[in-house]
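Rule-based calculations on the coordinates, nothing more; no lab input. It should be emphasised that the depicted structure is a prediction, and the values quoted were computed from it without experimental measurement. Cβ placement follows ideal geometry from the backbone for every residue including glycine, while neighbour counts extend to all protein chains displayed.
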Amino acid sequence: MSTADAKLPAAPRIEGPPPHLLLVRAPYYRDVVDGLSEGAGRLLREAGGTFETLDVAGAFELPQAIRIAMRGSRRFDAFVALGCIVKGETDHYEFISQATMAGLMQVSLQFGIALGAGLLTVDTIQQAEARSRLDGFNKGAEAAAAALLQVGAARQLGAS
């Protein structure tokens with residue numbers, strides 16, 4: 001399914017207290033990541049959730065920052081990682097994309113956290129802009145919906 005065919009994510013209803021999330025952003029492509037953040041924030045507010053935002057240097061630092069946040073004294077029901085990697089002329093794109101996604105999966109599985117991944121890996125900035133617009137399908141909103149659904153699953157299974 002392509003982004004053009006995808007349904008707009010709806011704010012899921014989560015049982016229990018309002019979920020509190022941390023949006024971890026890599027704003028190298030500021031306009032794109034701001035759009036992803038606005039989409040995520042809108043969906044979280046519609047679901048009755050609250051959130052904080054933390055910016056990091058780049059996509060590679062997203063899983064690291066989530067792990068650091070978990071060591072802190074503040075509690076989050078879920079995390080949303082937002083960023084954008086645009087393919088360039090070197091292999092750097094491949095290494096950073098794979099390492100970042102593997103790091104996100106590793107931290108989520110190792111520590112059993114609810115995580116929505118809104119990391120765009122695109123060939124062109126135009127592709128990123130199309131996926132971060134507020135007037136259409138927004139991958140930030142999709143990542144927020146995924147994180148909330150994981151919170152709901154954890155609560156339903158008594159794992160929260």
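What the table shows:
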read-out: Computed label-point distance, nm, for sites ARG75 and ALA10 using a 7 Å Cα→Cβ extension; value: 3.0 nm
read-out: Residues whose placed amide H lies under 5 Å from that of VAL80, excluding near-sequence neighbours; value: LEU22, LEU23, VAL24, GLY116
read-out: Label-point separation, TYR28 to PHE95 (7 Å along Cα→Cβ), nm; value: 1.2 nm
read-out: DSSP-loop trypsin sites (Lys or Arg not before Pro) across the stretch 1-99, with at most 11 other Cβ within 10 angstrom; value: LYS7, ARG13, ARG74, ARG75
read-out: GNM top mover of ILE66, ILE125, ILE85 - the chain, alpha-carbon springs below 10 Å; value: ILE125
read-out: Kirkwood Rh, angstrom, the stretch 90-160 [1 / mean 1/r, Cα pairs]; value: 13.8 Å
read-out: Efficiency of FRET between ALA102 and GLU38 - r from beta-carbon atoms, R0 30 angstrom, step 0.05; value: 0.60
read-out: Given charges at beta-carbon only (K, R positive; D, E negative), |dipole| of the chain in Debye; value: 600 debye
read-out: Charge tally in the Cβ shell below 15 Å around GLN150, where Lys, Arg are +1 and Asp, Glu are -1, GLN150 excluded; value: -1
read-out: Segment ARG67-LEU134, extension gain: residue separation times 0.36 nm, minus the distance between their alpha carbons; value: 21.2 nm
read-out: Rel. contact order, % - alpha carbon contacts under 8 angstrom, at least six apart, the chain; value: 33 percent
read-out: Most fluctuating residue given options ALA11, ALA102, ALA128, as computed from a GNM of the chain linking Cα atoms under 10 Å; value: ALA102
read-out: Values of log10 I(q)/I(0), in the order q = 0.12, 0.15, 0.19, 0.20 Å⁻¹, for the chain under a Debye, Cα-only, solvent-free model; value: -0.47, -0.74, -1.18, -1.30
read-out: Efficiency of FRET between THR50 and ILE125 - r from beta-carbon atoms, R0 45 angstrom, step 0.05; value: 0.90
read-out: Under 15 Å, Cβ to Cβ, from ASP55 - net charge with Lys/Arg +1 and Asp/Glu -1; value: -3
